[in-house]
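Here is the structure we will look at, set down as structure tokens.
The values are calculated or read from the model by the stated rules, or taken from the named source; none is laboratory data. Here the structure is a predicted model, which is why all the values come from computation and not from measurement. Methodologically, a virtual Cβ is constructed for each residue, glycine included, from the backbone with ideal geometry; neighbour enumeration extends over all protein chains shown. The area values use the complete protein model at the heavy-atom level, side chains included, leaving out ligands, DNA and RNA. Shrake-Rupley method; radii C 1.70, N 1.55, O 1.52, S 1.80 Å.
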Amino acid sequence: MTKPPNKTSKHTHTVTHRESKKMGEPDDFPLFETKLAKGRTLFKLYAASMAMGICLICVYRATHTPEKGKTGRYLWIGLFMAELWFTLYWLITQLVRWNPVTHQTFKEKLSHRYENMLPGVDIFVCTADPVIEPPLMVINTVLSMMAYDYPSEKLNIYVSDDGGSVLMFYALLEASRFSKHWLPFCKRYKIEPRSPSAYFAHASPINNEWSSIKNKYEEMRKRIDDTTSLGKVTEEMRKEHKGFQEWVLGSNKNDHQAIIQILIDQRDPEARDTDGKSLPGLVYMAREKRREWHHNFKAGAMNALIRVSSKISNNPIILNVDCDMYSNNSESIRDAMCFFMDEKRSEKIAFVQFPQHHDNLTRNDIYSNALMVINDVELGSLDSYGGCLYIGSGCFHRRDTLCGRIYTLDTKINWEKQNHKEITESIDVIENECKILASCNYEYNTQWGKEVSLSLSLTHTHTHCSIYLTVYLQMGLKYGCPVEDIITGLSIKCRGWRSVHLNPKRKGFLGLSPTTLLQTLIQTKRWAEGDFQIFLSQYCPLVFGHNKIPLRLQISYCCYLLWAANCWATLYYVSVPSYCLLAHISLFPKLSSYWFLPFAYVFVGKYAYSLGEFYWLGGTVKGWWNDQRMWLYRRLTSYLFGFCDVIFKSMGFTTSGFVITSKVSEEDTLQRYNKEIMEFGATSPMFNILSTLALINVLSFVNGVKWVVMDSDINGFSELGVQMVLCGLIILINIPLYEGMFFRKDNGSMPSSVTFQSTILAVLFCALAII
């Protein structure tokens with residue numbers, strides 16, 4: 001897949017670097033600018049006032065602790081510990097949010113100055129299961145990547161199919177043929193987005209060519225859907241390409257040979273679209289899998305892609321995306337290049353991370369999958385401390401940093417002198433050589449996925465003083481963690497690099513979010529488990545990053561690595577005040593006491609700011625309420641199970657695994673999702689926990705109301721009023737859960753077994769409190 005001689009792009013402004021000098025443009029004019037976010041003074045005043053309120057709460061807890069032997073002393077101390085944890089975590093989040101920045105790119109200047117020197121880009125698309133991640137969805141992502149507004153001869157797309165599915169290969173073969181028509185159409189009319197499925201779902205006919213392209217797409221879609229439904233490729237189809245011979249009898253997704261097929265070879269004179277322009281390269285890879293070898297999930301696939309692509313194209317920039325994350329902005333590559341090619345500030349930038357957005361969210365985002373605050377506030381804030389996290393998709397990397405390069409003063413690439421990899425071997429020879437790179441035992445006794453220490457002795461030129469350093473080298477993505485992306489990004493930063501978080505107005509990538517509650521909680525559980533595993537390992541930023549990255553960045557990482565640890569304080573706050581309400585034990589100041597004011601201020605201030613921030617970011621009031629519900633549900637289930645799994649794993653009881661979030665929903669499930677009806681419909685320990693706690697708070701609240709109203713105990717209400725309000729809020733936030741348990745009859749309602757078990761547990765809990 002050798003690059004042919006560069007051709008002049010149709011993009012506006014195509015002058016060389018030297019020509020730009022002659023035209024009078026400053027050679028060092030920045031290709032991007034960084035701005036501080038607005039409203040920071042107001043935020044800092046708010047944070048200071050909240051800190052004062054929190055301090056007063058801590059003073060109250062410390063000075064009003066019940067005496068020894070008094071009822072509720074240890075419950076009070078437990079609540080104090082929970083509040084201290086909330087305080088610590090709040091301080092970490094304020095540090096993360098303290099100084100957010102935004103970036104703006106100047107793509108016109110990039111084109112004017114460097115159009116003929118733009119570097120090649122290798123694009124990695126990872127998929128693992130043709131059932132959960134349908135081939136049609138994958139090829140729509142691939143076609144959107146092929147259609148970038150970027151010189152096609154400088155693009156190579158690599159698809160890693162960890163399922164080793166012949167159906168996926170067939171779909172890619174179909175996509176390679178359709179691309180000859182699709183790419184010229186996209187560039188001629190400058191359409192957005194360039195995923196055929198996403199585009200035709202909303203676009204209106206513009207001319208006869210539009211109708212012709214849509215018909216070709218529908219015909220291709222039908223062939224792929226029919227083949228997928230059939231579950232196999234017919235003998236006639238097998239004759240269309242030699243690659244089908246690679247699927248031998250007896251192979252399956254967990255046991256098969258390495259398969260490398262170059263579907264579009266840029267050296268081939270036939271690899272042209274209908275306008276006669278070069279097509280991007282397209283390569284299918286299914287790395288070898290054997291049951292006796294651990295394949296290291298997505299990290300293993302990425303490392304195999306790095307090796308295979310280095311043999312075929314070896315482009316200096318790598319973009320990796322999940323198979324459902326199609327390109328929504330055809331200029332995203334040019335946005336990223338503004339950072340990599342800036343004359344003054346590019347030398348330390350290792351990767352440019354775009355946020356993960358989704359195109360199937362409901363208006364009020366019932367499962368809070370948009371993660372608006374994280375994407376729009378927190379990740380941008382990390383840029384001011386040395387760079388955002390690598391989050392596994394929608395990320396542009398320098399190839400050399402993924403391969404373990406340490407930052408030095410000579411790491412800046414001279415794009416004008418960049419040489420492309422020239423290959424003279426035939427396709428068959430290249431494919432066979434790449435099979436070795438994708439074999440399951442290739443990494444044995446190598447640095448791939450591991451980190452090794454290396455001692456260096458550096459001598460100062462003038463003083464001749466020697467400095468001894470120990471550096472850590474790592475080839476590719478790190479193994480041994482469910483969130484290999486986070487730990488890989490941290491390792492890169494510890495080698496002296498930094499990163500950039502870019503969130504342009506037109507979203508760079510759009511994917512599919514989970515459409516059921518259980519899928520959302522399982523996905524979050526995997527994230528929380530992996531993050532907490534990092535925190536307890538040698539790669540904890542506070543240890544591994546010591547003297548390598550700024551202290552503020554070390555602490556900021558903990559905002560995510562400690563997700564799982566939030567479960568216990570939250571669980572305590574949801575259950576113990578309800579228990580004490582049943583037992584008539586007061587844990588908060590009286591409503592008539594001055595000590596009630598800091599509690600009220602912190603509560604109202606926190607949620608008022610949260611609502612305002614959410615609305616300012618483009619959310620709705622109902623969406624914010626859904627976000628608060630999911631905040632609670634994630635902490636009580638995903639974080640709890642993630643925390644326990646990490647502890648059990650460290651004790652040798654369990655091993656971590658990679659769970660793929662399904663991208664396919666049944667028709668009735670999808671209809672309920674679009675109507676924003678919460679989906680239960682399955683038995684899960686997570687639902688048992690949520691249901692039990694919801695019922696406990698109902699019973700406690702009813703008992704409290706009975707006590708106040710029927711017994712006319714106004715003084716008791718003053719003492720337990722805060723606990724009653726807390727129970728009431730938990731009841732309000734759980735209304736969809738109560739509906740699923742007792743009022744709905746559809747397939748998405750709570751299973752009766754879960755309702756029965758939760759009711760028994762809640763009654764026993766309340767009986768214990770009353771006794």
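Considering the values (i) 42.4; (ii) 63.3; (iii) 38.9, which represents mean projected area of the Cα convex hull in nm² as calculated for the structure under consideration? Correct label is (iii). Heavy-atom accessible area, probed at 1.4 angstrom with all protein chains present, ranks Lys187, Lys107, Lys493 as Lys187, Lys107, Lys493, highest first.
Seen against the Cα atoms of the chain and their longest principal axis, helix 685-710 is set at about 30 degrees. When only alpha carbons of the range 93-211 are considered, Rg and Dmax amount to 18.0, 56 Å. When the alpha-carbon atoms of the range 150-206 are used, the pair Rg, Dmax equals 13.6, 39 angstrom. Relative to the longest principal axis of the Cα atoms of the chain, the long axis of helix 135-146 makes an angle of roughly 60 degrees.
What Kirkwood hydrodynamic radius, in Å, does the range 286-392 give when the mean of 1/r is taken over all pairs of distinct Cα atoms and then inverted?
Details: mean 1/r = 0.0592 Å⁻¹.
Across the range 286-392, the inverse of the average 1/r is 16.9 Å.
Stretched out straight at 0.36 nm per residue, the stretch from Phe648 to Ser426 would grow longer than its current Cα-Cα span by 74.8 nm. The mean accessible area for residues of the range 304-405, using a 1.4 Å probe and ignoring ligands and nucleic acids, is 19 Å² per residue.
Per-residue surface analysis assigns Thr41 an accessible area of about 100 Å², computed on protein heavy atoms at 1.4 Å probe radius. Between Arg40 and Glu235, the contour length at 0.36 nm per residue exceeds the alpha carbon distance by 63.7 nm.
Distance from the Cα centroid of the range 160-217 to that of the range 258-300 is 18 Å (rounded to whole angstrom). With the highest mean first, a sort of the peptides 171-182, 29-40 on other beta-carbon atoms found within 10 angstrom per residue produces 171-182, 29-40. Binning at 5 angstrom from zero up to the longest distance, how are the C-alpha pair distances of the range 335-430 distributed in percent? Reading upward from the zero bin: 2, 10, 15, 19, 15, 11, 10, 8, 5, 4, 1, 0.
If you roll a 1.4 Å probe over the heavy atoms of the protein chains, what accessible area per residue do you get for the range 95-180, in Å²?
Details: 1640 Å² over 86 residues.
Heavy-atom SASA per residue in the range 95-180 reads 19 Å².
Each part gets one Cα centre, and for the range 101-119 versus the range 61-82 those centres are 61 Å apart. First check a/c for the range 477-554, with a ≥ b ≥ c the square roots of the eigenvalues of its C-alpha gyration tensor; if it is under 1.5, answer rounded, and if not, answer prolate when a/b is larger than b/c or oblate otherwise. Here the range 477-554 falls in the oblate category.
With the highest mean first, a sort of the peptides 191-199, 549-557 on other beta-carbon atoms found within 10 angstrom per residue produces 191-199, 549-557.
The portion of the accessible surface of the chain made up by carbon and sulfur, rounded to a whole percent, is 59 (1.4 Å probe; DNA, RNA and ligands excluded). Between helix 427-437 and the chain there is an angle of about 40 degrees, using the helix long axis and the longest principal axis of the Cα atoms. Residues within the reach of a label modelled at Arg291 (point 7 angstrom out along Cα to beta-carbon, backbone nitrogen below 18 Å), restricted to the range 252-266, are 252-258. Can you list which of the chymotrypsin sites (Phe, Trp or Tyr not before Pro) found in the range 344-453 are DSSP loop residues with at most 15 other C-beta atoms within 10 Å? Here the sparse-neighbourhood loop sites are Tyr444. Toward the positive end of the charge dipole of the chain, with +1 on the Cβ of Lys and Arg and -1 on the Cβ of Asp and Glu, the farthest Cα among His181, Ser691, Asn441 is that of Ser691.
Take Ser330: with every protein chain present and a 1.4 Å probe, its accessible area is about 10 Å². Between the alpha-carbon centres of the range 388-411 and the range 310-341 there is a gap of 13 Å. For the chain, averaging the sequence separation of C-alpha pairs within contact (under 8 Å, six or more residues apart) and dividing by the residue count gives a relative contact order of 16 percent.
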